[in-house]
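Note sheet for the following structure.
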């Protein structure tokens, strides 16, 4: 099980966005809840594709508890080294919010900001997003490892979504294998229902963290 802490109150696929204009450059911050580096990278890739014509898409994420550095990442995406990703990550690490990713998209307005100006702009834009980011207390969760036939994937994903479970990782090389988190209050019913559905044709293992 996991500790309780604040996370973005955003459903999978949902994001929070705010924007600022600094010396004619547009700075757009898009934030999402992520519980693994894989989720963070998928979110970042989506925003980079959406804003593929932007000057920069700098990013940072904390895919764990607030302040934890075990699962973090950051990128300056072409801005001078240390002026974007690291300041953004610092803002996230000191926000008191966990499982959060941020992409700051910049559309250059023709005025150079300088090193200090870039640091203030990127960090300030993340802080602006955090000010209005909806948060909620993270529920106690139970981690499961599930291995099922590919034909059972649709039903499994429906069951997982119905209990607001989250996918940490997946592997489809042989059977469909998942590592997931399920709210503790739903874990027993989720496990029993899935085992009944599989009727011995698969693996459902509750992990002790």
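Quick notes on this one:
- The residues of segment 162-184 that are closer than 24 Å to residue 136 by Cα and exposed (fewer than 13 other Cβ atoms within 10 Å of the Cβ) amount to a single one, 162.
- Residues in segment 28-44 that are over 27 Å from residue 141 (Cα atoms) and either under 8 Å from the mean Cα position of the chain (by Cα) or surrounded by fewer than 23 Cβ atoms within 10 Å (Cβ to Cβ) (or both): 28 alone.
- Within segment 51-72, the set of residues being in contact with a helix residue (DSSP H, G or I) (Cβ under 8 Å, 6 or more places away or on another chain) and modelled with pLDDT of 95 or more comprises 57, 58, 59, 60, 61, 62, 72.
- Filtered by the rule that a residue be over 21 Å from the mean Cα position of the chain (by Cα) and closer than 19 Å to residue 150 by Cα, segment 168-189 gives 172, 173, 174, 175, 176.
- Sole residue being farther than 30 Å from residue 207 by Cβ and modelled with pLDDT under 95, chosen from 129, 85, 124, 110: 110
The values are calculated or read from the model by the stated rules, or taken from the named source; none is laboratory data. Quantities reported herein were computed from a predicted structural model and do not represent experimental measurements. Backbone-built Cβ (ideal geometry, glycine too); neighbour counts: all protein chains shown.
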